């Protein structure tokens, strides 16, 4: 079977093209979801680049729909790709964890140990005494990278498991204390190698 006959076959029209529309729509909506999130966070350049490829893919998929308006399979593929694209877009954005958030913690329990633990881990912390509907409370604020949310929540569950907290995105900020990744040093390894060599020389 040559390419011309394959392109004109029912298999290509009823299976291959719907699959291509489905995959293109997934890519299109995934990019659209990511673009909206980045626009809300003020990442203009990244949002513009994503928008270019988003529209390009959308034009390719919608062209096939227009050329085959009577084929319901294409409509199903288009709608299915849209639904799946939303899910995948949110999942990918969560995995990338780009951006900064503020975690606001309200607890009736003494928060000194929690604050000290957060400080020891390198997080910036602000805490105040406040009064809630149930009496005096401690309010703790910490601004962190989104990729550090899970670690901070694990610390919170360890010291104040019943505390109330909220997490909100931050569009912009100025200065602040943020946790730094420890730099890997190769000096200990070099020292170990020298010590092992010295020991082998002493044995000889």
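The values are calculated or read from the model by the stated rules, or taken from the named source; none is laboratory data. What you see is a predicted model, and the numbers here were worked out from it, not measured in a lab. Here Cβ is always computed from backbone atoms with ideal geometry, including for glycine, and neighbour counts include all displayed protein chains.
Annotations for the structure displayed:
- Subset of segment 135-169 [assigned to a helix (DSSP H, G or I) and surrounded by 13 or more Cβ atoms within 10 Å (Cβ to Cβ)]: 146, 147, 148, 149, 151, 152, 153, 155, 156, 159
- Selection status of residue 82, free of Cβ contacts under 8 Å to residues at least 60 places away in the same chain, over 19 Å from the mean Cα position of the chain (by Cα) and closer than 27 Å to residue 171 by Cβ: no
- Here the condition is being under 27 Å from residue 40 (Cβ atoms), out of contact with any helix residue (DSSP H, G or I) (no Cβ under 7 Å at 6 or more places or on another chain) and not assigned by TED's automatic domain parsing to the domain that holds residue 91; of 115, 139, it holds for 139 alone.
- Residue match in segment 59-68 (condition: in contact (Cβ under 8 Å) with a residue 24 or more places away in the chain and under 30 Å from residue 159 (Cβ atoms)): no
- Listed by first and then second residue, the pairs linking a residue in segment 105-126 that is surrounded by fewer than 15 Cβ atoms within 10 Å (Cβ to Cβ) to a residue that is outside any loop (DSSP other than H, G, I, E, B), with Cβ atoms under 6 Å apart and 6 or more places separating them unless they lie on different chains, are 113/159; 126/141.
- Test: residue in segment 127-134 that is closer than 27 Å to residue 37 by Cα, touching a helix residue (DSSP H, G or I) at 6+ places or on another chain (Cβ under 8 Å) and either without any contact (Cβ under 8 Å) to a residue 40 or more places away in the chain or not in a loop (DSSP other than H, G, I, E, B) (or both): no
This table checks each residue for (1) within 26 Å of residue 100 (Cβ to Cβ); (2) in contact with a strand residue (DSSP E or B) (Cβ under 7 Å, 6 or more places away or on another chain); (3) assigned to a helix (DSSP H, G or I).
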{"residue": "12", "(1), (2), (3)": "no, no, yes"}
{"residue": "23", "(1), (2), (3)": "no, no, yes"}
{"residue": "27", "(1), (2), (3)": "no, no, yes"}
{"residue": "37", "(1), (2), (3)": "yes, no, yes"}
{"residue": "50", "(1), (2), (3)": "yes, no, yes"}
{"residue": "60", "(1), (2), (3)": "no, no, yes"}
{"residue": "64", "(1), (2), (3)": "no, no, yes"}
{"residue": "70", "(1), (2), (3)": "no, no, no"}
{"residue": "79", "(1), (2), (3)": "no, no, yes"}
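- Taken over segment 45-54, the criterion of being over 24 Å from residue 171 (Cα atoms) and either surrounded by 14 or more Cβ atoms within 10 Å (Cβ to Cβ) or not assigned by TED's automatic domain parsing to the domain that holds residue 81 (or both) is satisfied by no residue.
- Verdict on residue 149 being within 27 Å of residue 39 (Cα to Cα), modelled with pLDDT of 85 or more and under 20 Å from the mean Cα position of the chain (by Cα): yes
- Qualifying residue in segment 22-44 (condition: without any contact (Cβ under 8 Å) to a residue 60 or more places away in the chain, over 20 Å from the mean Cα position of the chain (by Cα) and either exposed (fewer than 15 other Cβ atoms within 10 Å of the Cβ) or closer than 19 Å to residue 146 by Cβ (or both)): no
- Within segment 9-53, the residues that satisfy the criterion of being within 14 Å of residue 90 (Cα to Cα) and modelled with pLDDT of 85 or more are 26, 27, 28, 29, 30, 31, 32, 35.
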